[in-house]
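Engineer: Just dropping this structure here.
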Amino acid sequence: MKITLKGQIPSGKNAVKITRTGKRYPSPRFVAWRNVAIRQIISQVGIVMRFSRPAAITIDYWPGDLRRRDVPGMADALFHLLERYRIVLDDSLLINLVWRTHEIDRENPRTEIEIIG
């Protein structure tokens, strides 16, 4: 399965906030990105294959600017997204991660995800 997401990826770290009563909720910025990303996935793959066994994942990332970004945080955000849309039943099933960062593409920052399993 291959998916292309347009735009920058926010970090999944610190994207979950906690109220005074202990309730956990995602930050508005993360929710906005997640909703756009889910629409992109639906437009590309529609009803998706759900992985219920360990699967290898390769991520090719083209940043849109020179800002230093937290790769584990971006991977975490993508894993949350794939679990939220139920592409994987549990993000712990995504193993053998390969992350490749390419040169800056100011015109078309994107992330290409391939899951094999």
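Read-outs throughout are calculated quantities, based only on the coordinates presented, and are distinct from any laboratory measurement. For clarity, every value in this text was computed on a predicted model and none was experimentally measured.
Engineer: Mean residue ellipticity at 222 nm from the helices of the chain, using -39,500 (n - 2.57) per DSSP H segment of n ≥ 4 over the full residue count, to the nearest 500 deg cm²/dmol?
Structural biologist: Theoretical 222 nm ellipticity from helices: -9000 deg cm²/dmol.
Engineer: Computed over the Cα atoms of the chain, what is the ratio Rg over Rh, Rh following Kirkwood?
Structural biologist: Reported Rg/Rh (Cα atoms, Kirkwood Rh): 0.96.
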